[in-house]
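Comments concern the structure below.
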Amino acid sequence: MDTRKMTTIGPGASPPLDVLIMDDDAASAAACRRTLEEDGYCVAVAGDGRQGLQAAESDGPSVVLLDLGIPGVTGFEALARLAEPGSATIPIVMTGDGTVDCAVECMRLGAHDFLMKPVDPEKLLDSVRRGVDLSTLRRQADAPRAKQDLLLQGLDFLGEAYSLGMEKRQLLDELASLEKEAKHRADGLGRTGGKERAIAGIREDLLKADAIMRKYGFRKDALIQTLLDIQETFHWLPRHILGWVSGRLHIPLREIHGIANFYEAFSLEPRGRHSFQVCTGTACHVRGASELLTRVSAALGLQPGQTDSRLTYTLETVHCLGCCALAPVIQVDSEYYRDPDRSRLDTIIKTMQKETQA
Ligand code: FES
């Protein structure tokens, strides 16, 4: 459950402020505020450009939703001020002007996203979530203490690897592959502070893998059980973990890949914590499986076979779930649903989000 405190609207709202809405259209601002507060965000509204910029400076919100038509300043001027280098506040533009020129100018000035008015609540939440995440990353990178801690964790990891008695050559190979993985993750996390976070994340992953191998006494003949536990922990078999297991158990990586490819229980692609499986078998097909798939795809924002970037949801199609009498049917984790409509799907997804936040 999100424990962030709600603030009252308007000037004088108590920090920490998640979102500042700069919009003189009271109805539009109120609708955005309601959507965001229902999702647990702390929100304030400014109906004037100067007042909004002052609030942004003093309260340091994670995200500013800026209506380009706000009075008191020009929208582009306000955007340029909000997007100044070094700021942890992420500006998101809202406008009724959907021209390409306007969008290009906003992106050039540093807008994180560009939302058309009237703003779609789902798009608003998605954009704000990404903005708040990016703002958090920037703040962490700016905090010398946090940065130092992350670097120290990376050094700890090197020390542990040496103490485990790895040969220097093997260690160098591992470091090279970790470096690659760190870069890969850093690219996904954004340029600021990404690498430090990536190293800390990898170190955590390897310690989890070590704990699993230790449970089986680092035995080669327990490889399948070890991989099953890794699959259960990470929901897939990440390549840096397989490289680590290969080195620690002295089993060639190609042998591990052979096993991972052979058994259906293993996935070499990232999978979300929650699985949505839409049946496209004959009974479901004739009773509207494709419409159901379209609805699920729209609700999750994913195409079949895709997993979201936070590894929360995976959408797949299957040939028969063994309950044809319910057709068309979807299995969500271990539950079956008969032809759920969009609002039922949204409720299922919201419940999952709440459980994740709790
Ligand atoms: S065809 Fe869909 S459950 Fe059997």
One residue is enough: does region 228-250 have a residue meeting the conditions of a type outside the set (Val, Ile, Thr), within 16 Å of the ligand (Cβ to nearest atom) and under 17 Å from Val332 (Cβ atoms)? no
Just to be sure before I move on: is Val119 of a type outside the set (Gly, Ala, Ser), outside any helix (DSSP H, G or I) and under 24 Å from the mean Cα position of the chain (by Cα) in the structure I sent? yes
If you go through region 20-27 one residue at a time, do you hit one that is among the charged types (D, E, K, R), surrounded by fewer than 21 Cβ atoms within 10 Å (Cβ to Cβ) and either at pLDDT below 90 or part of a strand (DSSP E or B) (or both)? no
Those residues of region 58-88 which are surrounded by 22 or more Cβ atoms within 10 Å (Cβ to Cβ) and assigned to a loop (DSSP other than H, G, I, E, B), in sequence order: Pro61, Ser62, Leu68, Ile70
Could you check region 206-303 for helices (runs of 4 or more DSSP H) lying wholly inside it with 1 or more residues that are closer than 30 Å to Arg344 by Cα and modelled with pLDDT of 90 or more? 223-234, 282-286, 289-300
Please determine, by comparing only the residues of region 308-329 that are closer than 14 Å to Met352 by Cβ and surrounded by 15 or more Cβ atoms within 10 Å (Cβ to Cβ), which one is nearest to the ligand (Cβ to nearest atom). Leu315
Residue among Gly288, Gly301 that is more than 27 Å from the chain's Cα centre (by Cα), more than 10 Å from the ligand (Cβ to nearest atom) and surrounded by fewer than 16 Cβ atoms within 10 Å (Cβ to Cβ): Gly288
At negative phi and away from the ligand (no atom under 16 Å from the Cβ): which single residue out of Pro270, Pro340 fits that description? Pro270
Checking Ala88, Ala55, Ala78 in turn, the sole residue that is touching a Ser or Thr at 6+ places or on another chain (Cβ under 6 Å) and touching a residue at least 24 places away in the same chain (Cβ under 8 Å) turns out to be Ala88
Could you check, for region 48-57, whether at least one of its residues is touching a Leu at 6+ places or on another chain (Cβ under 8 Å) and surrounded by fewer than 19 Cβ atoms within 10 Å (Cβ to Cβ)? no
Step by step: first the residues of region 338-347, then only those that are under 26 Å from Glu38 (Cα atoms) and surrounded by fewer than 19 Cβ atoms within 10 Å (Cβ to Cβ), then the one that is nearest to the chain's Cα centre (by Cα). Which residue is that? Asp346
Matching entry among Glu355, Glu335 (being exposed (fewer than 12 other Cβ atoms within 10 Å of the Cβ) and under 15 Å from Gly272 (Cβ atoms)): Glu355
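The values are calculated or read from the model by the stated rules, or taken from the named source; none is laboratory data. These numbers were taken from a predicted model, which means no experiment stands behind them. Glycine also receives a Cβ, built like all others from the backbone with ideal geometry; neighbour counts cover every protein chain displayed.
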